[in-house]
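The values are calculated or read from the model by the stated rules, or taken from the named source; none is laboratory data. These numbers were taken from a predicted model, which means no experiment stands behind them. Heads up, the Cβs are rebuilt from the backbone with ideal geometry, glycines too, and the neighbour counts pull from every protein chain shown. Remember, those area values only see protein heavy atoms, side chains included, never the ligands or the DNA or RNA. Shrake-Rupley method; radii C 1.70, N 1.55, O 1.52, S 1.80 Å.
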Amino acid sequence: MKYILLFSFVFCNVFSQTQKERDFIISKSDPVESFKLKQSLQQEYLKDQKEVRDYLLQHPNTKNATNLQKIIDGVPIFYQEDSNALCVQTLRANSMYPSGSLGLSVTGQGMTIGMWDGGRVRETHVEFATGRLTLGDAVVTLSTHSTHVLGTMIAAGISPTRRGFAYQASAIAYDFGNDSSEIATFASQGYVVSNHSYGNIATNLPQSSFGAYNSQSVSADNIMVTYPFYQMVKSAGNDRNDTTLDQATGKGGYDLLTGVGNSKNAIVVAAVEGIMTNGNDNSFVMSNFSNWGPTDDGRIKPDLSAKGVAVSSCISVSDNAYSELQGTSMSAPCITGLITLLQKHYNNLNPGTFMRSATVRALLFQSAREAGDNPGPDYRFGWGLPDGSAAAQIITNKNISSILEENTLNNSQVYTKTITINSVQNLSVDIAWTERIGIANNSGDIDNRTPVLVNNLDLKVLKDGTTYYPWKLDPEDPEAGATNNSDNDVDNSERVNISNAQPGVYTIQVTHKGTLVGGSQNYSLVATSTNGLGLNSRDYDNSVFIYPNPAQDVLNFEIKSDVILSDISLSDISGKQIYKSTNAIGNSIDVSNLSSGVYFITFKSDSNSITKKFIKR
């Protein structure tokens, strides 16, 4: 059959997170709950300030008085800052850049990152002097720490080796005073990620605070539950070499996380020395300062690791000053920058929307490279170091050779999905969900092991009578390797790994224990295998099927017999028309001259238009 091929193009907005897109995100939050949350957090801030003033009146000689932020259960809480090219390379984020290995052009342009830190960013620094930085509050004192952290995320690359992860993104930078109220307001405006490279001063805390799910943890979780697309990224802290702390001496560096670091939904980031070669070495070395988990109830924290040693970025001394710093403060913005790029890549392929934060977590955990002494997660590295290239390819290959779903599990529901593997390969399945707030531990108990999980989802993979369970860790033996011989009843992210999975049919199963609070629970599912899952077998979209996908030299298509095509169009990921034919014959297109990457093909008849995504190898 002869088809007339006239190419139009599919527009993918690569320039900005539009107000319409932010409105879409805002529409997914309950406006009543949003209003109540912001009101309660502002009232909490005013209460904190009064309690701080009263405390200082009673204790006029308090050290670090300017860092005193709140009083929790009678305990004064002091904040401190947790102290670029190799960072980007270590997480393989550069694979998404123009001329990167994936054939994408993702730079973060149009995305806005929130940052809360310990002082004012030098907004006139040459790396920010293009109008991409907004100061969110009136803090006056310049901060090298704040300037350095923001540089890791968005520095333009005036100094090429100091270019930030999302080097064309924008940012709104705040001082950490009144952070919870400001964070809620930022999230309510439809933004999707923020960085928090600060935490509690550990030497001022009672032992019961370490690992505890407290009011700071609850506040962070409440914000992310209210705004399900919003992800907070938190530094783990730098206290492991402080010999005045029992956790650093008597507990060997374990059980050092506090406050937001023990929340269920924030991504908590440890610091490693990084990769000093070409980014392909997986022998990661843990820093000598990074705080380790577990939480008191045994959850996998920290979640991820990134380079935090000898990180060179901009500082506030002058408009063109740079310096090396180290700390989990330096590793957290690596993850924040990577999330920004991945969200933008997802938005390019799915115009008008972004990933839920639970999807971001499942994606990063799924793609993380193994670190530590044993298979699976641990309380030092978390899930390991994210692989930006692998994560981007999961997004690209969604519904083609990888699974990336956002689902809802109702009370008493059993979700199943069947996949087939045709050769021996590794299979990996993750779920994650944004967890409702738990009950804060205000009792002063040390190492309270009561789970704070509210909705307990369970992931399993089944094959021929064999059940494969998710990883879990034992807080009573934090140095032991993870096990996978029973359900995980504490974490709101779960992973099943099957090494050398044999050919056959596997069933992914998601269930829950007890009754789901709220009657249902949204969750995200990500699954991959070494050679691809082969999901896109014959999806006609009611009329059209394209194959093979990914394509090497030729892209074939089949059209239902009752459909008469008028136009076919081909465009790249930016929406640029790259091919046009008005008189092509046959059911195939030569794509051998295309660069590797993601493309769109649109089939148009007089009454309908269907767009399919395909990948050029």
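Here are the numbers for this structure:
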{"item": "Modelled FRET efficiency - R0 41 Å, T62 with A321, Cβ distances, 0.05 increments", "result": "0.80"}
{"item": "The chain - accessible surface per residue (Å², probe 1.4 Å)", "result": "38"}
{"item": "Gain on full stretching of the segment that runs from N374 to N241 - 0.36 nm per residue minus C-alpha separation", "result": "45.5 nm"}
{"item": "Förster radius 22 Å - calculated FRET efficiency between R449 and I71 (Cβ-Cβ, nearest 0.05)", "result": "0.25"}
{"item": "Region 393-451 - percent of accessible surface contributed by carbon and sulfur, probe 1.4 Å", "result": "44"}
{"item": "I446 - accessible surface, heavy atoms, 1.4 Å probe, Å² rounded to 10", "result": "90"}
{"item": "Surrounding net charge for T124, when Lys and Arg each add one and Asp and Glu each subtract one, Cβ distance under 15 Å", "result": "0"}
{"item": "Region 189-251 - percent relative contact order, Cα under 8 Å, separation 6 or more", "result": "49"}
{"item": "Segment Y547-K576, length gained on full extension (0.36 nm per residue, minus Cα span)", "result": "8.2 nm"}
{"item": "Percent carbon-and-sulfur accessible area, region 72-217, ignoring ligands, DNA and RNA, probe 1.4 Å", "result": "48"}
{"item": "Relative contact order, percent, region 288-365 [alpha-carbon distance under 8 Å, six or more residues apart]", "result": "21"}
{"item": "Amide H within-cut-off set for A368, under 5 Å, with H built and near neighbours excluded", "result": "D387"}
{"item": "Cα centroid of region 189-240 to Cα centroid of region 161-177, whole Å", "result": "19"}
{"item": "R0 of 35 Å, Cβ-Cβ distance N410-T161: FRET efficiency to nearest 0.05", "result": "0.10"}
{"item": "Area accessible to solvent at K47, 1.4 Å probe radius, in Å²", "result": "110"}
{"item": "Residue-span extension gain [T466 to S520] - 0.36 nm each, minus C-alpha spacing", "result": "16.6 nm"}
{"item": "T420 accessible area, 1.4 Å probe, all protein chains in place, Å² to nearest 10", "result": "70"}
{"item": "Among beta bridges that DSSP assigns inside the chain, antiparallel share in %, nearest 5", "result": "75"}
{"item": "Estimated 222 nm signal from helices in the chain, with DSSP H stretches of n ≥ 4 weighted -39500 (n - 2.57), rounded to 500", "result": "-6000 deg cm²/dmol"}
